[in-house]
Amino acid sequence: MARRMLIAGNWKMNGLRQSLVFFEEICSIAGSRSDVDVLLAPPATLIFSAAEIAGPVKIGGQDCHNHPSGAHTGDISAEMLRDAGASCVIVGHSERRADHGESSDLVRSKAEAAQAAGLIPVICVGESESERRAGKAEAVVGAQLDQSLPENTAYVIAYEPVWAIGTGLTASIEDIAAMHAFIRSNLPDGPNTQILYGGSVKPDNAADILSLTDVDGALVGGASLKAADFTAIIAAAP
């Protein structure tokens, strides 16, 4: 069975209620591509409202706690995301790993919590610039895969070279192809698992990246905040 293309947008800590106007624009464009899945992860404050108007667009959370409930002030459980209308959740994003010191073991437990709540986790892995320069990219990503993946294979992988997030830098086509092939070869259900590329994906490079054999879509940051850019990336999907 062929893997479907998935274009995911991570709004990070951006977006107010007025942003739902352009969200509706994205939904109308996404509806014209029945062969491509589209996912948007707005801030938690907008998930319920976005889910009500999403139509064919999937709604995701940007993170979840690894417990279903409890005394965890300010955190959001996977059950809460599901209740608000989300069907997916991003876990292990490099900004969470770096800014909040999240370990791969914690990422795995969050992915398990997401699956228990009926959400599909989008599990992020990726190396830093210094690790790539030292020739450790595959070792770092391989270790993250070993420690971050739950036994249940109902997940999506997002490869995001840390040095290419929000910097305007993009890994070379050859580097992306090689790392995605490496990741697929190290997954329990590699042939059937969607692997996204995340790292300064833009309208002008999307077609080349999305045409690669082992790239099944993109995890888009900044460009997902601009309706014209994000819809252009959707249109670039083969």
Given segment 5-236, what percent of its DSSP beta bridges are antiparallel, to the nearest 5?
0
Mind giving me the nanometre distance, one decimal, between the label points for Asn152 and Ala181, set 7 Å out from Cα along Cα→Cβ?
3.3
Based on a Kirkwood Rh over C-alpha pairs, give the Stokes-Einstein translational diffusion coefficient of segment 4-49 at 20 °C and viscosity 1.002 mPa s in µm²/s.
190
Which value, in debye to the nearest 20, gives the size of the charge dipole of the chain about its Cα centre, when Lys and Arg are +1 and Asp and Glu are -1 at the Cβ?
240
Provide the gained length on full extension for the span Ser211 to Arg3, in nm with one decimal, where the gain is 0.36 nm per separating residue minus the Cα-Cα distance.
73.6 nm
Need the C-alpha centroid separation for segment 198-227 versus segment 99-158, integer Å.
20
Space enclosed by the convex hull of the alpha-carbon atoms of segment 5-236, per residue, Å³:
113
Please list the radius of gyration and Dmax for segment 1-113, considering alpha-carbon atoms only, with Å as the unit.
14.6, 44
Ellipticity estimate at 222 nm from DSSP helix runs (n ≥ 4, -39,500 (n - 2.57)) divided over the chain, nearest 500:
-11000 deg cm²/dmol
Please report, in whole Å, how far the alpha carbons of segment 84-154 spread along each principal axis, starting with the longest.
42, 24, 16
Note the count of lysine pairs whose C-alpha atoms are less than 21 angstrom apart in the chain, limited to pairs 8 or more residues apart or on different chains.
8
Once R0 is set to 35 Å, what does the formula 1/(1 + (r/R0)^6) return for the Cβ-Cβ distance between His67 and Ala134, expressed as a FRET efficiency to the nearest 0.05?
0.45
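Each value in this text was obtained by applying a stated rule to the coordinates, not by laboratory testing. This is a predicted model, so every value here is computed, not measured. In this analysis, Cβ positions are derived from the backbone assuming ideal geometry, glycine residues included, and neighbour counts consider all displayed protein chains.
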